[in-house]
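Below: one structure, written as structure tokens.
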Amino acid sequence: MKRKLLYSFFIAAAMSFSGCSSFLEENPVDQMPESEAYKNPEMIYLNTVANLYTKIGADAGGSGLAGTDRGLYDLNTFCADDAILPTRGGDWDDGGLWRDLFTHNWGVNNGLIISTWDYLYGVIVQCNQSIDKLTELKELDPSNEYFDIYKAEVRGIRAMYYYYLLDMFARVPIVESSLTQMKDVKQSERSEVFNFVKKELEESIPLLADEKSADQGEYYGRMTKAAAYFLMAKLALNAEVYTDNDWTDQSRPDGKNIKFTVDGTEKNCWEATVAYCDKIKECGYSLNQGTNGFLSNFVVNNEGSKENIFVIPMDPTLYKARNMYLVRSRHYDVGKALGFGNGGWNGSAATIEAMKAFGYGTATPDPRLELTYYTGRVVVNGQEVINSETGKPLEYLPMAIKLQFDKSDTSMKMAGARMYKYADDPTATEDGQCPHNDWVLFRYADVVLMRAEALIRNGQSGQADLDEVRNRVGAPHADATLSNLLKERMLELAWEGWRRQDLVRFGKFNDAITDRPKTEAYLQVFPIHANTLAVNQKNLTQNPGYSK
């Protein structure tokens with residue numbers, strides 16, 4: 001059994017939040033007397049830092065950074081070109097929700113957008129409460145240095161949540177205290193939010209722990225230096241996007257003119273990306289090698305992977321978090337074959353574009369094809385799964401996928417390659433939704449590919465880095481061009497929630513693909529939902545391109 005995390009022992013003052021009319025609305029803490037909640041360093045940590053980690057994973061839709069549905073992960077995944085959640089006759093219609101997401105037909109009242117915004121700001125509210133309390137305690141006892149260490153960890157977590165807001169919503173309010181009144185909240189330009197996240201991480205990193213977050217122990221699942229370096233690398237790699245205050249005019253700042261200071265040396269954003277990627281490597285991370293090196297990041301007991309940088313700890317008996325993505329993708333009969341009565345929802349699948357990128361149906365498919373998808377007859381525990389409707393072996397049809405199937409289409413229930421990347425856990429609970437595989441948020445293979453891309457954008461060669469990733473899986477040589485890097489990121493990182501961001505950075509997000517025509521540039525960023533705008537009409541305005 002996994003070692004129980006410090007933050008799982010006792011969440012003395014966990015603060016709840018939900019979608020509400022005001023994204024700054026505070027809810028009262030539990031009824032524990034304050035004298036008990038903050039009586040010693042351990043209790044202070046539990047009630048100002050540890051409770052925040054319970055929000056990174058979740059067991060309900062709309063919450064968590066990944067693992068659940070109708071929230072951040074889905075918003076980033078099903079609007080890109082690698083995954084699709086088709087309407088299969090009467091299944092998965094949901095009022096056109098998933099079709100609208102895929103075709104970029106969302107508006108200011110889209111449920112996934114609302115839940116994602118409320119979730120991100122809900123955690124930020126809690127971070128602000130913790131920072132305010134730590135500041136207060138520090139004033140009462142200035143000699144204790146652990147207050148500064150705790151605050152740095154909270155600021156790192158808060159910066160991560162603002163990073164997601166920056167990436168997805170662009171122009172958002174920066175709120176740094178729980179004492180801020182709604183009438184005083186001002187909307188910041190995207191470049192201001194970028195600078196805020198950058199500053200928060202830079203100032204937090206010196207006090208963050210050196211330990212590995214994916215290793216069991218005291219720092220398991222926590223914000224450490226390497227996780228913060230990863231976020232800094234993402235900020236630098238996407239700096240041209242994040243400093244662009246008008247993303248609708250097809251013009252961006254030049255990355256060579258966007259400056260970072262790393263270890264006292266000024267660098268452009270591409271040089272800074274390389275520097276932060278190198279720092280992660282210096283922390284002891286590397287690619288898992290060997291026959292199962294790629295898949296070892298996603299096995300049932302994947303704690304301690306030298307490649308995984310930041311994870312959502314998963315243990316059905318200890319943590320209230322789930323990963324429903326395998327369940328959502330697999331056919332009903334596969335779930336039954338695995339011993340889960342309702343362990344297959346027959347939903348998400350790979351797109352036609354993904355199958356072409358992986359070389360499905362060609363003589364030389366990418367080696368990661370069968371490590372990422374089920375593409376043909378399905379075998380569970382050495383036996384073929386039988387399709388209960390036909391009495392024949394169940395066979396997925398990758399190239400038959402489309403956005404919407406008529407009820408009379410006989411291929412609709414088998415269409416599409418399905419998620420394979422995370423290993424099935426026979427000991428999972430909740431019909432397979434609560435497995436032991438930790439969900440991987442940040443991974444070193446991504447770091448290597450970020451470094452390759454930054455080198456190329458800076459006029460250098462990224463060949464050695466691209467080779468490192470491809471050689472690990474036995475893929476043949478590919479020239480290190482930007483076009484090949486974008487393709488490689490799909491091959492390596494499918495199902496991991498990065499594709500929307502990658503396409504935006506490469507200027508490809510709005511391109512036409514199968515079942516979706518070209519869309520408008522303003523759709524690179526999601527709208528601020530109507531409820532939030534209504535709360536503070538004086539100081540908040542809608543993102544460009546959306547109706548108010």
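The values are calculated or read from the model by the stated rules, or taken from the named source; none is laboratory data. Remember, it's a predicted structure, so these values are computed and weren't measured experimentally. Methodologically, a virtual Cβ is constructed for each residue, glycine included, from the backbone with ideal geometry; neighbour enumeration extends over all protein chains shown. Accessible surface is based on the protein model in full, side chains and every heavy atom, while ligands, DNA and RNA are left aside. Shrake-Rupley method; radii C 1.70, N 1.55, O 1.52, S 1.80 Å.
Return the FRET efficiency for the residue pair GLU266, LEU482: r is the Cβ-Cβ distance, R0 is 30 Å, and the value is rounded to the nearest 0.05. List each step's numbers first, then the result.
Details: r = 25 Å, r/R0 = 0.83.
After rounding to 0.05, the efficiency reads 0.75.
At 0.36 nm per residue, and after removing the present C-alpha to C-alpha distance, how many nm does the segment from ASN195 to ASN109 gain when stretched out fully? Write out the running numbers ahead of the final one.
On the way: separation 86, 0.36 × 86 = 30.96 nm, distance 2.89 nm.
Result: 28.1 nm gained on full extension.
Ordering LYS199, LYS538, LYS281 by how much accessible area each has at a 1.4 Å probe, largest first, what is the list?
Working: LYS199 80, LYS538 180, LYS281 120 Å².
Result of the area sort, largest leading: LYS538, LYS281, LYS199.
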Mind putting a number on the dipole of the chain about its Cα centre? Charges go on the C-beta only, +1 for Lys and Arg and -1 for Asp and Glu, and I need it in Debye to the nearest 20. 820 debye
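Under the rule a/c < 1.5 gives rounded, and otherwise a/b versus b/c splits prolate from oblate, where does region 211-355 land using the Cα gyration tensor? Mind dumping the intermediate values first?
Details: a/c = 2.54, a/b = 1.54, b/c = 1.66.
Oblate.
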Tell me the accessible surface of CYS277 in square angstrom (1.4 angstrom probe, heavy atoms of protein chains only), to the nearest ten. 0 Å²
So, with points 7 Å from each Cα along the Cβ direction, the LEU403-ASP59 label distance in nm works out to 3.7 nm
Label point distance in nm, SER411-GLU389, each placed 7 Å from Cα along Cα→Cβ: 1.4 nm
Would you kindly calculate the mean projected area, averaged across all directions, of the convex hull enclosing the Cα atoms of region 213-293, in square nanometres? 7.9 nm²
Multiply the residue gap between LYS256 and ASP467 by 0.36 nm, knock off their C-alpha separation, and tell me the result in nm, one decimal place. 73.4 nm
Phi to ³J(HN,Hα) by Karplus 6.51 cos²θ - 1.76 cosθ + 1.60 over region 395-407, Hz, x for Gly, Pro: 9, 6, 10, x, 8, 8, 5, 8, 5, 9, 10, 6, 4
For an R0 of 22 angstrom, estimate the FRET efficiency from the Cβ-Cβ distance between LYS183 and LEU207 and round to the nearest 0.05. 0.05
Leading residue at positive end of dipole, the chain (Cβ point charges), from ALA417, ALA37, PHE506: ALA417
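Carbon and sulfur: what percent of the chain's accessible surface (1.4 Å probe)?
Working: 9680 of 20490 Å².
Of all accessible area on the chain, carbon and sulfur atoms account for 47 percent.
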Mind checking which of TRP247, GLY111, PRO86 is farthest towards the positive end of the chain's charge dipole, using Cβ charges of +1 (Lys, Arg) and -1 (Asp, Glu) about the Cα centre? PRO86
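Given an 8 Å cut-off on Cα distances and at least 6 residues of separation, report the relative contact order of the chain as a percent. Let's see the in-between values first.
Working: 1037 pairs, mean separation 100.8, N = 548.
Relative contact order comes out at 18 percent.
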Starting from the amide H of ASP91, placed 1.01 Å from N in the peptide plane, find each other amide H under 5 Å away whose residue is 5 or more places distant or on another chain. none
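What shape does region 275-362 have by the C-alpha gyration tensor, where a ≥ b ≥ c are the square roots of the eigenvalues, rounded means a/c under 1.5, and otherwise prolate means a/b greater than b/c and oblate the rest? Present the calculation step by step, with values, prior to reporting the outcome.
Working: a/c = 2.37, a/b = 1.34, b/c = 1.77.
Because a/c hits 1.5 or more and a/b fails to exceed b/c, region 275-362 counts as oblate.
Report the trypsin sites (Lys or Arg not before Pro) located in region 338-428 that are in a DSSP loop and have at most 14 other Cβ atoms inside 10 Å of their Cβ, or state none. Let's see the in-between values first.
Details: sites: LYS356, ARG368, ARG377, LYS402, LYS407, LYS413, ARG418, LYS421; in loops: ARG368, LYS402, LYS407, LYS413, LYS421.
The qualifying sites are LYS407.
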Under Karplus coefficients 6.51, -1.76 and 1.60, residue-wise ³J(HN,Hα) of region 32-39 in Hz, glycine/proline x: 4, x, 4, 5, 7, 5, 10, 7
Out of residues 5 or more away from ILE386 or on other chains, whose amide H comes under 5 Å of its own, with H placed 1.01 Å from N in the peptide plane? LEU394
So how much accessible area does TYR219 have, in Å² to the nearest 10, using a 1.4 Å probe? 60 Å²
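Given a Förster radius of 35 Å and the C-beta distance between THR364 and SER286 as r, what FRET efficiency does 1/(1 + (r/R0)^6) yield to the nearest 0.05? Walk me through the intermediate numbers first.
Values: r = 27 Å, r/R0 = 0.78.
Efficiency computed from Cβ-Cβ geometry: 0.80.
What shape does the chain have by the C-alpha gyration tensor, where a ≥ b ≥ c are the square roots of the eigenvalues, rounded means a/c under 1.5, and otherwise prolate means a/b greater than b/c and oblate the rest? Walk me through the numbers before you get to the answer.
On the way: a/c = 1.40, a/b = 1.32, b/c = 1.06.
Because its axes are fairly even, with a/c under 1.5, the chain counts as rounded.
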Using alpha-carbon coordinates alone, the radius of gyration and Dmax of region 340-493 in Å work out to 18.2, 58
Accessible area of the chain divided out per residue, in Å², using a probe of 1.4 angstrom: 37 Å²
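Just flag the GluC sites (Glu not before Pro) in region 359-461 sitting in loop per DSSP whose Cβ has no more than 14 other Cβ atoms within 10 Å.
Numbers: sites: GLU370, GLU384, GLU389, GLU395, GLU430, GLU453; in loops: GLU389, GLU430.
Those that pass, being in a loop and sparsely packed, are GLU389.
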Cross-link list LYS225/LYS508; LYS133/LYS234; LYS133/LYS279; LYS151/LYS279; LYS151/LYS256; LYS306/LYS508: which exceed 25 angstrom alpha carbon to alpha carbon? LYS225/LYS508; LYS133/LYS234; LYS133/LYS279; LYS151/LYS256; LYS306/LYS508
